[in-house]
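Novice: So that we are looking at the same thing, I have put the structure below in structure tokens.
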Amino acid sequence: MKRLTLALACVALGLATAACPGRRPEPKPAAAATPRPGNGWNVLLLTIDTLRADHLGAYGYRRKTSPTLDALAARGALFEQAYSFWPKTRGSFVMIHTGRHPSLNGYSKHHPMLLDFNPTLASVLAEAGYATAAVVDNPNVAASLGYAKGFASYRETWEEKELATEMDRTRAITAAGVSYLEKAPAGKPFFLWLHYVNPHAPYDPPAPHDQAFMDTESKQGPVLKVVSGFHGGVPMQWAMPGKRKLSEYVALYDGEIATVDAEVAKVLQALERSPHASRTLIVVTSDHGESLGENDYYFDHGEDVFDPSLRVPLLVVAPGAPAGVRVPALASTLDVVPTVLDAVKVSYPPDLAGRSLLGAASGGTAPGRERLHAQNDRNLSATFDVATKVVATPGESGQRFELYAREPGSADERRVSRERADDLRAWRREMELFLEARDKEWLTTRRKVEGRSGEEKVSPEACEKLKALGYVIAGCS
């Protein structure tokens, strides 16, 4: 498969391209449309890869992994039941940036990318007169895969050979974010997206966080085998010398959270020092969670549609909104686009699947939503509320449906198909209605997708980084 070197944005956001030797400039975007009405609020979107909500203090976790995010939650709104629509990075960020179901945005195993016919949060804001910039770490959101649409500056840290380690890239994201906030002019609103890959496996936090949670608890619990794959024990590629207990790996995962939390602190401090603080909307979320042994699935995500992979944090801090709001209503990563655009008073693009959460974040009424849906790369689907979930798994003879009871405050989901056969029939019908509606949408979307290449265009540098994160990508030798 043909490899194309990914376009690189300037190392220091805001510097001229000529000041960045060896870096190719991004193609100039088409002339912006007449800006639509807006209130001029800035937008800071912070996404933290593979972050489980239930491992943050603000969500009740027993360890002090997240003092920065906990303090941020206390300043604004925390959504207690927020879920990724697609528990894998590529698909998840297509949903986050478009606010559309795959049946309308065209994401599939044949086109695992953000297709260019979609308006994105960045492109809509750019048309409204916003300066747009992103600094990201994870080649699954490469510009060559469409994720840079709408961004005037899109920095792909894995392409920079001087950033040899994950922590090098993590610190570079923070430094670039701080620099951007310090230099952004006060007269033009901005949209800044920072994406950290921590705490994605392998779990290898730097000191002092590598030992921060190696307490008595971390030495207890089951000893794991080293295995090939993600079931039955520690995946071979993640195994660390002398560490065989599940609790040790959980402690290291928590250390990775503490690491990125400290980096986020520097960005938020820079925002507070800037003239933009009182006019900036802050949104923090993740693309998906992580399975830490639940359902015999270790240190990975996206293979199933259970809560460890689906449940994510969602924090929204809006200028002038009340502090300490906790919202129990169901929320989805599909809600990011409508929530941001509602907050900044910029018109929505058509066909959004999500709903604005601004009212709830401001202490008002949450969307009247009874249930959520999720899908994944393996064609599994889930429909659920706070207490019950139905999962459809494809098979040779058609879909197999199973009903699960969801336990409040727990990542465990207990199969109850036999005991609650009537409920299973009712929930199955809810899911069938959802899938039927999506199938009808695909009839229209398929015409937009036909003839477009589904080729995965990743550079050699991106291939190496994807391998290090445990991905097997077509075209990576």
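Novice: Name the residues in the range 64-87 that are within 18 Å of SER291 (Cα to Cα) and either part of a strand (DSSP E or B) or out of contact with any strand residue (DSSP E or B) (no Cβ under 8 Å at 6 or more places or on another chain) (or both), would you?
Specialist: Of all residues in the range 64-87, those within 18 Å of SER291 (Cα to Cα) come to 65, 81-87.
Listed by number, the residues that qualify are THR65, GLN81, ALA82, TYR83.
Novice: Looking only at residues in the range 88-112 that are assigned to a loop (DSSP other than H, G, I, E, B) and not charged (D, E, K, R), which one is surrounded by the fewest Cβ atoms within 10 Å (Cβ to Cβ)? Spell out the reasoning first.
Specialist: First, the residues of the range 88-112 that are assigned to a loop (DSSP other than H, G, I, E, B): 88, 99-101, 106-112.
Subsequent filtering for residues that are not charged (D, E, K, R) retains 99, 101, 106-108, 110-112.
Numbers: GLY99: 32, HIS101: 24, GLY106: 24, TYR107: 29, SER108: 19, HIS110: 9, HIS111: 20, PRO112: 18.
Only one residue fits best here, namely HIS110.
Novice: Is it the case that SER291 is in contact (Cβ under 8 Å) with a residue 12 or more places away in the chain and over 21 Å from PRO205 (Cα atoms)?
Specialist: Criteria not met by SER291.
Novice: Taking the range 425-477 as the region of interest, how many residues are at pLDDT below 75, small (Gly, Ala, Ser) and exposed (fewer than 13 other Cβ atoms within 10 Å of the Cβ)?
Specialist: So the count comes out to 4.
Novice: Among residues belonging to the range 406-441 that are touching a residue at least 24 places away in the same chain (Cβ under 8 Å) and not in a helix (DSSP H, G or I), point out the one that is nearest to PRO308 (Cα to Cα).
Specialist: ALA411
The values are calculated or read from the model by the stated rules, or taken from the named source; none is laboratory data. Everything numeric in this text was worked out from a predicted model, so none of it was measured. Every residue, glycine as well, gets a Cβ built from its backbone with ideal geometry; the counts of neighbours run over all protein chains shown.
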